[in-house]
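The values are calculated or read from the model by the stated rules, or taken from the named source; none is laboratory data. Since we're looking at a predicted model, the values are computed, not measured. Backbone-built Cβ (ideal geometry, glycine too); neighbour counts: all protein chains shown. Side chains included, ligands, DNA and RNA excluded: accessible areas come from the protein's heavy atoms. Shrake-Rupley method; radii C 1.70, N 1.55, O 1.52, S 1.80 Å.
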Amino acid sequence: MNLCGKAARLVRVCRNAAANCFGQPVVVLTYHRVAVLRDDPEQLAVSPDRFRRQLEFLRSNYPILRFDEPWGKPERMSFVITFDDGYADNLTAALPILREFDCPAAFFICAGAIGSEREFPWDGGGTPQRKEFRTLRPDELRELAADPLAAIGSHTVSHPRLSGLSPEEQRREIAGGHRMLEELIGRRLTVFSYPFGNYRDFNADSVAVCRECGFFRAAANYPGQYHPGCDPLAVPRHLVRDWDADEFQSRMFRFKYL
C-alpha cells in the first residue's frame, strides 16, 4: 500500500471509530461465487466449505440484516450478505448453505447475462460459457427470486463502467436492466449494485438515475461502513475472498473500523 493509500486508510479508520461512538455499524459483504474453480485469477470464488464456515461464524455472533429492508439504528454491529453478477452457483451452491443458517442475501443480477452463452470478460471474454462459469438461466433466476431469503437486485444490462458513459447511456443500462429483471421475475425490484463499484466507476449521473428508478438502496464496492445518515444510494461494501475461518474472523473484527 502506497503512502496515499495508507493515509486514506487511517482517515477511514478514525472516521469510523468516531461514528461507532454514536451507533453500531452495518457492514455489507460482497460475494460473487460459491464454487471451487481450477483457475480463479480474479479471486471471486469462495469454496462451499469455507462459505459454510463463514456463515456459521456470522450467524453465531452478529445480526444478519437484509439489504432490501430498513436497518434503523442497530444495537449491535450487524452484517449484510450480497452477491454480484448472477452466476448459476448462486442458486445451486450458495442458496442451500444460506438456508442452512437462515441467512438472507441480496443477489444483484446482470440482466443481459441471464441465459447468455457468453462468459463475462474477466472469465474469458466472448468465448462460449464453460460449465463452471455459467450464469443463471431465466427459470433459475425465478427459482432464486421465489426463495424468501433472497432479494433480487439490478446490476445493469451489460456490466459497464458507468462513469465512462453519457447520462442517457447510463439510463439505458440502469433502467433497462431494472425493467428486464422485473419482467423476468414478475415483481418490483428496489435495490441496485453499481458494476465494479469503486469511486471512479460511477458518478453523480449514476446516482441520479438510480434515484429516478426509485431504488431504495444501491451498493458501491469500496470498503467502509454504513451508519444512519449515510447515502443509501452509495452503500460501501467489503469484498470477501476464499478465507479460512481464522482469517475470516480476523477480518470481520477489523471491519468494525475499516
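Values for this structure:
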{"read-out": "Criterion (out of contact with any helix residue (DSSP H, G or I) (no Cβ under 7 Å at 6 or more places or on another chain), at pLDDT 95 or above and not in a loop (DSSP other than H, G, I, E, B)) met by exactly one of R179, R171", "value": "R179"}
{"read-out": "Any hit, segment 188-199, residues being touching a strand residue (DSSP E or B) at 6+ places or on another chain (Cβ under 8 Å), polar (S, T, N, Q), buried (at least 22 other Cβ atoms within 10 Å of the Cβ) and part of a loop (DSSP other than H, G, I, E, B)", "value": "no"}
{"read-out": "Residue match in segment 207-215 (condition: open to solvent by 30 Å² or more (accessible area, probe 1.4 Å), closer than 29 Å to D139 by Cβ and either at pLDDT below 95 or in contact with a Lys or Arg (Cβ under 8 Å, 6 or more places away or on another chain) (or both))", "value": "no"}
{"read-out": "Residue within segment 164-174 that is among the aliphatic types (A, V, I, L, M), in contact with a Phe, Trp or Tyr (Cβ under 8 Å, 6 or more places away or on another chain) and farther than 27 Å from D40 by Cα present", "value": "yes"}
{"read-out": "Residues of segment 214-230 that turn out to be without any contact (Cβ under 8 Å) to a residue 40 or more places away in the chain and either closer than 18 Å to R254 by Cβ or more than 17 Å from the chain's Cα centre (by Cα) (or both), as a count", "value": "4"}
{"read-out": "Tabulated pairs, segment 90-108, first over 24 Å from L184 (Cα atoms), second in a helix (DSSP H, G or I) and of a type in the set (A, V, I, L, M, F, W, C), C-beta under 6 angstrom, 6+ apart or interchain", "value": "I97/F51; F101/L55; C103/L55"}
{"read-out": "Among (1) among the small types (G, A, S); (2) on the phi < 0 side of the Ramachandran plot; (3) open to solvent by less than 30 Å² (accessible area, probe 1.4 Å); (4) not in a helix (DSSP H, G or I), the one test that S158 misses", "value": "(3)"}
{"read-out": "Top-ranked residue of segment 85-122 - restricted to ones that are of a type in the set (A, V, I, L, M, F, W, C) and assigned to a loop (DSSP other than H, G, I, E, B), ranked as most open to solvent (accessible area, probe 1.4 Å)", "value": "F101"}
{"read-out": "Test: residue in segment 123-131 that is surrounded by 24 or more Cβ atoms within 10 Å (Cβ to Cβ) and outside any strand (DSSP E or B)", "value": "no"}
{"read-out": "Residue under evaluation M77, criteria (1) crowded, with 18+ Cβ neighbours inside 10 Å; (2) in contact with an Asp or Glu (Cβ under 6 Å, 6 or more places away or on another chain), criterion not met", "value": "(2)"}
{"read-out": "C230, sole failed condition from (1) more than 25 Å from A113 (Cβ to Cβ); (2) outside any loop (DSSP other than H, G, I, E, B)", "value": "(2)"}
